[in-house]
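Taken together, the values in this text are just the output of simple stated rules run on the coordinates, not laboratory data. Just so you know, these numbers come straight off a predicted model, no measurement behind them.
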Amino acid sequence: MHEYSLARSILETIVAERNQRQLGPIARVEIELGEFSGIEPLQLESAYAELSVEILGDRSELRIQTVPLRGQCQHCRHEFLIEDFRFQCPSCSGSDVQLVSGEELRILSVRARQN
Ligand SMILES: [Zn+2]
């Protein structure tokens with residue numbers, strides 16, 4: 001259900017953007033979604049498809065770029081990819097790890113249909 005309200009808020013942002021920039025019908029929206037955002041990309045896509053007509057008044061395509069989970073060791077500063085949610089530095093085995101990426105949700109681009 002979280003995906004549903006997220007899709008709605010993305011679409012509402014796009015409506016505002018479209019009105020502000022006086023764009024035509026929206027063809028494609030690209031977003032960046034962190035692996036650790038707690039959002040299921042497939043569910044987000046289907047919620048988006050379902051709500052696109054209702055909110056935008058037309059079908060549009062959602063493209064999701066997944067951002068991997070990365071962390072930085074606060075002990076030796078080593079930056080690494082976190083796999084299987086193992087928050088441990090592969091270099092010094094330190095466990096004081098700060099997230100660098102993987103939690104983001106950002107609209108990257110909004111493309112209007114070409115006429
Ligand atoms: Zn380390």
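Can you tell me the 0 to 90 degree angle between the C-alpha axis of helix 41-56 and the longest principal axis of the chain, rounded to 10?
30 degrees
According to the Kirkwood expression over distinct Cα-Cα pairs, how big is the hydrodynamic radius of region 74-115, in Å?
Evaluated over region 74-115, this radius sits at 13.0 Å.
Once amide H atoms are placed 1.01 Å from N in the peptide plane, what residues at a sequence separation of 5 or more from Val100, or on another chain, have their amide H within under 5 Å of its amide H?
Here Arg70, Gly71, Gln72 satisfy the definition.
If I build a Gaussian network model for the chain, linking alpha-carbon pairs within less than 10 angstrom, which residue out of Leu51, Leu23, Leu11 has the largest mean-square fluctuation?
Leu23
Would you grab the residues whose amide H sits under 5 Å from the one on Ile26? Only those 5+ places off in sequence or on another chain, please, with H modelled 1.01 Å from N.
Those lying under 5 Å, H to H, from Ile26 are Arg113.
Could you give the semi-axes, largest first, of the ellipsoid that matches the chain, computed as the square roots of 5 times the alpha carbon gyration tensor eigenvalues and rounded to whole Å?
Ellipsoid half-lengths, sorted descending, are 36, 14, 10 Å.
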